[in-house]
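Asks: Questions regarding the structure given below will be posed in turn.
Taken together, the values in this text are just the output of simple stated rules run on the coordinates, not laboratory data. What you see is a predicted model; the values in this text were computed from it and never measured. Cβ placement follows ideal geometry from the backbone for every residue including glycine, while neighbour counts extend to all protein chains displayed.
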2 protein chains.
Amino acid sequence: MPKIPSATTYSPANPPPSSSSPTSSIDGQILRFIPFQSSADEGFWRRLSSLKLDTLGLDQSPIPITGFYAPCSHPQVPNPLKLMAESLPDDAGEQSTSLQSVNGNRNRCPLPGILYNTNTLESFHSLDKNALLKAEAKKIYDDIISGKADDDCTVLSRFLLISFADLKKWTFYHWFAFPALSFDSPATLISIQSASKTFNLEEAKYLTKACNEWRNSDTRGGVPFFLVRITSNAHVTIQPLKAWEPLQHGGEKLLFGFYDPCNLPSNPGWPLRNFLAFICLKWKIEKIQFFCFRERRGLIDLDFSLVGEALIAFPQGWKDTHRVPKAVGWDLKPKLINLSASMDPTRLAVSAADLNLKLMRWRALPSLNMNILSSVTCLLVGAGTLGCQVARMLMAWGVRRITFLDSGRVSMSNPVRQSLYTFEDCLNGGELKAVAAAKSLKRIFPAVEAVGVELEIPMPGHPVPAKETNNVIKDCEHLQNLISSHDVIFLLTDTRESRWLPTLLCTNENKVAITAALGFDSYLVMRHGAGPAQFSSDMHGSTCSSATDDDTNGIVSQIHKLSMEGDHKGQRLGCYFCNDVVAPIDSTSNRTLDQQCTVTRPGAAPIASSLAVEMLVGILHHPEGINAPGEISSSIIGSSDRPLGILPHQIRGSLSQFSQMTLVGYSSKCCTACSDAVVSEYRRKGMEFVLQAITQPAYLEDLTGLTELIISAKSFSLDWDEDADDLAANVDD
Amino acid sequence: MPKIPSATTYSPANPPPSSSSPTSSIDGQILRFIPFQSSADEGFWRRLSSLKLDTLGLDQSPIPITGFYAPCSHPQVPNPLKLMAESLPDDAGEQSTSLQSVNGNRNRCPLPGILYNTNTLESFHSLDKNALLKAEAKKIYDDIISGKADDDCTVLSRFLLISFADLKKWTFYHWFAFPALSFDSPATLISIQSASKTFNLEEAKYLTKACNEWRNSDTRGGVPFFLVRITSNAHVTIQPLKAWEPLQHGGEKLLFGFYDPCNLPSNPGWPLRNFLAFICLKWKIEKIQFFCFRERRGLIDLDFSLVGEALIAFPQGWKDTHRVPKAVGWDLKPKLINLSASMDPTRLAVSAADLNLKLMRWRALPSLNMNILSSVTCLLVGAGTLGCQVARMLMAWGVRRITFLDSGRVSMSNPVRQSLYTFEDCLNGGELKAVAAAKSLKRIFPAVEAVGVELEIPMPGHPVPAKETNNVIKDCEHLQNLISSHDVIFLLTDTRESRWLPTLLCTNENKVAITAALGFDSYLVMRHGAGPAQFSSDMHGSTCSSATDDDTNGIVSQIHKLSMEGDHKGQRLGCYFCNDVVAPIDSTSNRTLDQQCTVTRPGAAPIASSLAVEMLVGILHHPEGINAPGEISSSIIGSSDRPLGILPHQIRGSLSQFSQMTLVGYSSKCCTACSDAVVSEYRRKGMEFVLQAITQPAYLEDLTGLTELIISAKSFSLDWDEDADDLAANVDD
């Protein structure tokens, strides 16, 4: 990487290399213009960063920008051309809006510029700087010839900026040019001295008054080139450039004034250069009196301002208006600014975390909706191997609002598999998992909104002692509230029955629910179908659907009818329990240790978690969302027309075969968690229903007609971690 | 979970509920035996834990154990039955070895016991305690009848322990029983008092002498039941039980002595109970004088020891030797011990981290070789998204020796995707990734041996300025040493060319190399084939193989022949570069930001990383290791006969299709990294070759004949992240 120096500032103590020494009159000497200083502030680079990331992407088209400057106001320091956030178009690409707020600010005379921001450092260095400069110089020349400069003299100070923004490191390479038309032979200086030495007291008095009026005018304060007309009776007026013609015949003293950013006592600043070209081209004047307008505390300072006289020779080349005149104006060296140190680290982290996602939008995934991702609220039921990894994947996808739900504590065997915990979390009995997981997310990314909730999920088949009933109801209601207040619920526990109540509640509220479950060397990831549609509370009737097709019961068929509406094919997608022919029962009692701990091949959990989050991103980007039909992976890679690819209903994978398949299963009328019968009963009886289901597992089976089905198919048995072929009966392809 | 109290200890200040008050003679009162105290130390539970995890698995067969006790030696504290590590069989299942070291320790009289360790807490509670007790009592009864107890009187004090070891929480539920045969009516106590009150001075003197001799004898010191014979001239001898018969006719005073663990002044300890049964059954004696042997500072203490006299009635049921006699002996309550607090946390973490793996061996994967996993050394080239996740998966699989290689620093955009870093690692310019990753692993698992190495990998197409040559050679050598000193190398960088040198070096040393690489929504995981076999340095010749099949060049064909030997099908598996038809070139220059940062769907990296580690575990468990042929996933799930399933050569997956496939590709003669031509050239020229390849990319192409091939197939172009069908030409299935 080439070393790039910081900008240097010239001052009387540190004059430019070729500057003349400060004498008041140096007849015949070459007139030297002090180059513009430039300064692009943090706001400029920030705006450029977000513009590049969010709007421009790979587009390298030149961007019109606006620089600001004012007359020099301090003898020690030149006034630089300033770039700030307002210099750039806003996100909508409109420059005018942001500039409006600037107009009228007398210290921000706007100058038009152009920015070439490249995609790589190599392009930055290999830009044809000479050609770029010539192109801008030609614009200046053309504007003079066409008369555009008469109306808008700021085009005489056009500037050019090339840059490369390394958004990963918050480092900005950039290089300014202030194109100046070249004369065949340099202008020679007849004299230059403080304006206070040039004018008599009376002239000075009126000049001061006229200057301050001009500067304070809303319409003219920002016009940096002007005519100063001094009559013989010391009457002074300041006029815009286009007033030159009528002034020609008065015989008054005429000075060509400009806001001079330079602070040196015997050199004019850079804007005079093109001004002289303008005067020479336009009016063919070869001996010019110029006035370098400088101020102090907002008022003209005649001691500091300069008056000079120069001789110019009309360049022969300029007669051919089609030729591009020679030009100079590149800063000596490029500059490098690194904002990472000056930025608030947390804010830096926020930008950085979004960086990869924003970069995705440049090329691979222009339709990525980061707003949806950053605003969606996710509830993770279970903060174990799956929960930790799901949270990480959510953060990587830009999800910022994550709630963990778990009742356990971090134990010594967790950290090597559960990626949000460390050894320290295990000490002194172990932190609460939900709390530790939320803390861990904040350590990774301080701006995440992560919350941990300690809650034990009431489960069917885990009977509740009478004195515990109230607590269990409280837990149910807490869970209900949590599900209500989140958009997406991930079911990531390690038992079947702990998924039952969350599944029911998600179905009831039509929430996006995604299940990930592990076998020893297999995994299942599935999204639950939409729930039965809104059920009006004034509907009454039977509480039970059966497994037969000719069910004509009032409510159920009404719900059923409603539930169909969201779906094209007339069938809702199934939930995790739709494949089962037994209601969830207590599977935690009497489990051996290898059944209690999730004894799985370590690879299964990160894969299932990653797929679960990829599936969520698919749902959030699918026009039909939760109602999107289940798709099957095609044998032709890349067959989907959506940039994120297909959106399957279920993904099953095997680590022993390194294989993976997509499946579709529809909702079952006998389902113990999402069937109309169960949902309507829950709506009718509320927590009483839940308690009953928890205490008497057969209740759910009876309610859904499962009991009947089980009797008729006794030899049948299913479990979630059994081989994938068991599901084949349910596959649609 | 039932509440289980800690053990209580009786003392004179806290006598047993029904204990008689301490009077010296209480004719006609029921003789009460003070139950055995018991104490299983940490060593016992540790040994049980590892026995269960490593050897027994789900086996619930009863385990013979040995308890230890000694005469009571302190008036305030009874002497408990102790269980310690040596009480259990060692890992090889042999008990004798560990017991040998105990024999001869006079304070560890061994008693035979049996342990029923259940797999679940529920089984523990539902064990038929009555039946278990009866079974042990029957053994005692049978041993008395058969005469076995004459030879080994310790069988009279058989004990029984049931337990459940919650290895996840280091909590042990257990319940002792000391089975005692029940008389029809209880024994009545005629008298009991301090032995010093019973004997005259002379008797006391000889008794003391005889007792101490018995206790200090190597062969008899551990025999807890014996006969005390006192002649009329105060001569005292102590005899084993089987000496009873000849003593019958001497008319001397005979006491039945036993090591008494009890400390109470007017109650004998539990061992007397079965001793009385023995005496009654064996010799039909109904009036018995007993001697409770207690000591102080290793010597008999007659003040503390007791002499008593009791009456027993021969139970009618005992006459039928086939009947199981009634028995008592369960402790009042189960006990619970939790060792987690007392354990060194790091040590606890080590056990815990292994827990899930050991549990795998119980049922799902008995052939899992944890020794291979814990001893294998892995070098991770690249500590980014892939490197972090690979390291986590390795730890989860029990790999403990991990080296990271990376030259970068943690940047703000890393933590949300690179799972070993936190926000803090990004501050102040960012920690070195390799170092931060190693630290992070230690925070997760303190016992891991993790090292971070800052090293930039020399890459083809990145020309080296002359003055840098030495540094680059140093880097190459450093990399070479690292690869030499590790067993497995993961290639996890984000450019193609950075994998070239590591691939060549791995091929040269025949190291296991696994590549994971990401596209935007696709991933590739592959293991490299074995390298050409050892190349003798005295072979000289041409440096180049061509793409034609009839290559007859001396060396190359020799190497080629050698390289075939390890492979059944006569073809080596390919490496990452075998599919390419261009040599690696500089792909980092002039890359736009979205190409520089790994812009991938976040799900890709954890999936690829997980698969890479699962693949490694497959290689380590495959009998042919690096030479294992590449397998293709079968349509029939579970078709592999190896418990870990198939071992593919390449896995390619698509997140947009949620699909995954396995492929096989063989080594290419034109490969720029693993072909004979390249390896032999590297062996001949060493670092000079590497420098040449780095500086002139065409050199590799010429050497391997690739140039020719490219010319003949100009329209062809391949890149690793292109769609999987591009590879179809190379698939074997």
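Asks: If you scale each eigenvalue of the Cα gyration tensor by 5 and take the root, what three semi-axes come out for the stretch A:424-518, rounded to whole angstrom and sorted largest first? Don't jump to the answer; show the numbers that get you there.
Replies: On the way: eigenvalues 119, 71, 35 Å².
Square roots of five times the eigenvalues give 24, 19, 13 Å.
Asks: A further question on this structure: Under 11 Å from the Cβ of B:VAL155, count the other residues' Cβ atoms, weight Lys and Arg +1, Asp and Glu -1, and hand me the total. Don't skip to the answer; put the middle values down first.
Replies: Numbers: positive: B:LYS139, B:LYS148, B:ARG158; negative: B:GLU136, B:ASP142, B:ASP143, B:ASP150, B:ASP151, B:ASP152.
Local net charge: -3.
Asks: Considering all alpha-carbon pairs of the stretch B:1-365, what whole percent are spaced by more than 26 angstrom? It would help to have the intermediate numbers written out before the result.
Replies: Working: 34613 of 66430 pairs.
Tail of P(r) above 26 Å: 52 percent of Cα pairs.
Asks: While we're on this one: Report the calculated FRET efficiency for B:LYS242 and B:ALA85 (r = Cβ-Cβ distance, R0 = 30 Å), to the nearest 0.05. Mind dumping the intermediate values first?
Replies: Values: r = 33 Å, r/R0 = 1.09.
Efficiency for this residue pair is about 0.35.
Asks: Right, next: Between the label point of A:LEU332 and that of the same position in each other copy, find the distances and list them shortest first in nm, with every label point placed 7 Å from Cα along the Cα-to-C-beta direction.
Replies: 9.6
Asks: Can you give me the distance in nm between label points at B:ILE372 and A:ARG323, each placed 7 Å from the Cα along the Cα-to-Cβ direction?
Replies: Roughly 8.2 nm, to one decimal.
Asks: Based only on other Cβ atoms within 10 Å, what is the fewest-to-most ordering of B:LYS52, B:LYS439? Mind dumping the intermediate values first?
Replies: Details: B:LYS52 22, B:LYS439 16.
Fewest-to-most ranking of B:LYS52, B:LYS439: B:LYS439, B:LYS52.
Asks: With the crude spin-label approximation of a point 7 Å out along Cα→Cβ, what separation in nm comes out for B:ARG296 versus B:GLU252?
Replies: 2.7
Asks: For A:GLN692, place a label point 7 Å from Cα along the Cα-to-Cβ direction in every copy; what are the distances to the other copies, in nm, shortest first?
Replies: Those separations, rounded to one decimal, come out as 8.6 nm.
Asks: Can you pull the one-decimal nm distance between simple spin-label points at A:SER484 and B:LYS284, each 7 Å off the Cα toward Cβ?
Replies: Once both label points are built, they end up 8.6 nm from each other.
Asks: Give the order of B:HIS486, B:HIS528 when sorted by the count of other beta carbons within 10 angstrom, beginning with the fewest. The partial results should precede the final answer.
Replies: Details: B:HIS486 22, B:HIS528 29.
Fewest-to-most ranking of B:HIS486, B:HIS528: B:HIS486, B:HIS528.
Asks: In what sequence do A:ARG294, A:ARG684 fall when counting other Cβ within 10 Å, fewest first? Each step should come with its number before you reach the end.
Replies: On the way: A:ARG294 27, A:ARG684 16.
Final ranking by Cβ density, sparse to dense: A:ARG684, A:ARG294.
Asks: Further, regarding this structure: Report the percentage of all Cα-Cα pairs in the stretch B:303-409 whose separation exceeds 19 Å, rounded to a whole percent. It would help to have the intermediate numbers written out before the result.
Replies: Working: 4055 of 5671 pairs.
When every Cα pair of the stretch B:303-409 is considered, 72 percent fall beyond 19 Å.
Asks: What does the charge count around B:PRO325 come to, taking other residues whose C-beta lies under 13 Å from its C-beta (Lys +1, Arg +1, Asp -1, Glu -1)? Can you show the working numbers first?
Replies: Details: positive: B:LYS134, B:LYS138, B:LYS139, B:ARG273, B:LYS319, B:ARG323, B:LYS326; negative: B:GLU136, B:ASP142, B:ASP143, B:ASP184, B:ASP320.
Summing Lys and Arg as +1 and Asp and Glu as -1 gives +2.
Asks: Something else about it: How many percent of all Cα-Cα pairs in the stretch B:246-301 sit more than 20 Å apart?
Replies: 32
Asks: Follow-up question, since we're still on this one. What is the extension gain from A:GLU454 to A:ILE145, computed as 0.36 nm multiplied by their sequence separation minus the C-alpha to C-alpha distance, in nm to one decimal?
Replies: On the way: separation 309, 0.36 × 309 = 111.24 nm, distance 7.65 nm.
Net length gain for the segment: 103.6 nm.
Asks: In whole Å and largest first, what semi-axes does the C-alpha gyration tensor of the stretch A:473-535 yield when each eigenvalue is scaled by 5 and square-rooted? Numbers along the way, then the final one.
Replies: Values: eigenvalues 92, 41, 17 Å².
Each semi-axis is the square root of five times an eigenvalue, giving 21, 14, 9 Å.
Asks: Another question, then. For B:GLY147, go 7 angstrom from Cα along the Cα-to-Cβ vector, then report the distances to that same point in the other copies in nm, smallest first.
Replies: Copy-to-copy label distances for B:GLY147: 14.1 nm.
Asks: Where Rh is the Kirkwood radius over the Cα pairs of the stretch A:188-314, the temperature 25 °C and the viscosity 0.890 mPa s, what D in µm²/s does Stokes-Einstein return? Don't skip to the answer; put the middle values down first.
Replies: Values: Rh = 14.5 Å.
The Stokes-Einstein estimate is 169 µm²/s.
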